[in-house]
Amino acid sequence: MGNLTLHLLLCVFVVICTAKCPKDWAEVGNECLMFSYDRQTWSGAQAFCRSQLSYLASDDTAAKHTFIRQALSVLDGAKIKDFFIGGNDRVFEGQWRWLETGMPITKFTAWAPNSPSTNMTLAMKQNCMMLTWVDNDVYWTDHDCSDRRGHFICEKPVSSVTSAPVVG
Ligand SMILES: *[C@@H]1O[C@H](CO)[C@@H](O)[C@H](O)[C@H]1NC(C)=O
């Protein structure tokens, strides 16, 4: 399924696609989100986001989580599931932080049951956050960063788009 088709699906069923965000990006709050149908490792995903002047998304408010769940519900219908986002505990085991801010995750959380893993063998190699369906809801899981099967969500502030210099 092409990017355009996905974009239309998201626009029609989920989001108000306004001019504030670039084409193929959805607007929520003051941020623009891009849902990939490509697959990458967590680092590969972050490299792609950075090339788009963005970062792996922070799922840091209930409102944004609800929005992401709606979008993932549409994508799930296209068999596109399991999305890397910016949460990680790569620096200090067990200290989960958002890539965007480097700040510990404290306020809003959406961990799946039994996540993050308390089995140290698993916990040591599952340092990257992935959004996964459990029953009928979207939750965070701790996932192997080197797994190449992750789709991913990039994010950037609306302000970074509107204040960008016009080229050409
Ligand atoms: C922890 O996970 C490893 C790898 O899956 C497994 O071999 C081990 O039995 C688990 N340990 C416990 C205490 O469950």
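The values are calculated or read from the model by the stated rules, or taken from the named source; none is laboratory data. Worth saying up front: this structure is predicted, and the values here are computed from it rather than measured. Reconstructed Cβ throughout: ideal geometry from the backbone, glycine too, with neighbour counts over all protein chains shown.
Scanning segment 62-100 for residues that are in contact with a Gly (Cβ under 9 Å, 6 or more places away or on another chain) and without any contact (Cβ under 8 Å) to a residue 60 or more places away in the chain yields A63, K64, F67, V91, W96, R97, W98, L99, E100. Among the conditions (1) away from the ligand (no atom under 16 Å from the Cβ); (2) touching a helix residue (DSSP H, G or I) at 6+ places or on another chain (Cβ under 8 Å); (3) farther than 19 Å from A57 by Cβ, the only one that E93 does not satisfy is (1).
Each residue in segment 29-61 was checked for being free of Cβ contacts under 8 Å to residues at least 60 places away in the same chain, in contact with a Phe, Trp or Tyr (Cβ under 9 Å, 6 or more places away or on another chain) and surrounded by fewer than 19 Cβ atoms within 10 Å (Cβ to Cβ), and 2 pass.
Residue count for segment 105-130, restricted to those that are in contact with a Phe, Trp or Tyr (Cβ under 8 Å, 6 or more places away or on another chain) and either within 15 Å of the ligand (Cβ to nearest atom) or at pLDDT below 95 (or both): 2.
Conditions tested, residue by residue: (1) part of a helix (DSSP H, G or I); (2) not charged (D, E, K, R).
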{"residue": "P22", "(1), (2)": "no, yes"}
{"residue": "C32", "(1), (2)": "no, yes"}
{"residue": "Y37", "(1), (2)": "no, yes"}
{"residue": "A47", "(1), (2)": "yes, yes"}
{"residue": "L53", "(1), (2)": "no, yes"}
{"residue": "S58", "(1), (2)": "no, yes"}
{"residue": "K64", "(1), (2)": "yes, no"}
{"residue": "F67", "(1), (2)": "yes, yes"}
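The sole residue among F152, F83, F92, F108 that is closer than 16 Å to E31 by Cβ and loosely packed, with under 15 Cβ neighbours inside 10 Å is F108.
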